[in-house]
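The values are calculated or read from the model by the stated rules, or taken from the named source; none is laboratory data. The model shown is predicted, which means the values in this text are computed figures rather than measured ones. Cβ sites come from the backbone with ideal geometry, for glycine too, and all protein chains shown count toward neighbours.
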Amino acid sequence: MRTLLDLVLPASCAGCGRAGAGWCAKCDAALAGPPVRVWPRTDPGVPCWALAPYAGPVRRAVLAAKERGRRDLAEPLGAALAGGLAELRSARRPLVLVPAPSRVVAARRRGGDPVLRSARVATRWLPDSRVVSLLRMGPGVRDSVGLTPAERARNLGGRVTTAPGRVADWGIPPNAEVVVIDDVLTTGATARESVHALGLMGLPTRGVLVTCAA
């Protein structure tokens, strides 16, 4: 179906709108640099890194993947995550990517979780790595758009949990390097609750890597 649509309506770049490709080389350059350390207002207690600011073509690509069903963007966004992780990881340790949780209703509306799709693409580029979907968003969490940092913290407080089971049940080795992956870092509330939930499970987090930071 996608091939047929491309014949009728040529693909346009999610970053700049240029016809001919879903993600052009010029926009891809916005994700080509090394990860940059960022300090969100709500400290998750571990280092946070971003591939780019939440602006320009990267912002438009994240929104297209999240709100407009552009599943094709999982490939370039996942490859960019892999590049950032290759810069940050300890080469001798297995790498475990844990996608940040999303609300069930939001994931259903989007036809799946774009962060999970990108994380899976990233592991294809990285040796000795895997994705483990451990985090869950509990009931009662509102859409965070328009909330202040304090409201975001209250909205998420105690509502991020982990899937049932022990660390060993998920096949995570004791020396694994665990990184939380997300698309956008705003106040840091989701990152903090994610790191906290993993810690309660007995799984220390090495850091947080996001596609872009606001």
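Numbers below:
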| item | result |
| --- | --- |
| Checking R68 against (1) modelled with pLDDT of 95 or more; (2) within 18 Å of the chain's Cα centre (by Cα); (3) loosely packed, with under 15 Cβ neighbours inside 10 Å, the condition it does not meet | (1) |
| The listed residue being aliphatic (A, V, I, L, M), more than 30 Å from R59 (Cβ to Cβ) and either surrounded by fewer than 23 Cβ atoms within 10 Å (Cβ to Cβ) or modelled with pLDDT under 95 (or both), out of A189, A168 | A168 |
| Tabulated pairs, the stretch 36-53, first without any contact (Cβ under 8 Å) to a residue 60 or more places away in the chain, second surrounded by fewer than 17 Cβ atoms within 10 Å (Cβ to Cβ), C-beta under 6 angstrom, 6+ apart or interchain | none |
| Residues that are modelled with pLDDT under 95 and of a type in the set (D, E, K, R), drawn from the stretch 94-122 | R103, R108, R109, R110, D113 |
| In the stretch 24-53, the residues that are assigned to a loop (DSSP other than H, G, I, E, B), out of contact with any strand residue (DSSP E or B) (no Cβ under 8 Å at 6 or more places or on another chain) and either at pLDDT below 95 or surrounded by fewer than 19 Cβ atoms within 10 Å (Cβ to Cβ) (or both) | A32, P34, R41, T42, D43, G45 |
| Failed item in (1) exposed (fewer than 14 other Cβ atoms within 10 Å of the Cβ); (2) in contact (Cβ under 8 Å) with a residue 40 or more places away in the chain; (3) touching a helix residue (DSSP H, G or I) at 6+ places or on another chain (Cβ under 9 Å), with P173 passing the rest | (3) |
| So T148, is it out of contact with any His (no Cβ under 9 Å at 6 or more places or on another chain), free of Cβ contacts under 8 Å to residues at least 60 places away in the same chain, among the hydroxyl-bearing types (S, T, Y) and farther than 24 Å from G78 by Cβ | yes |
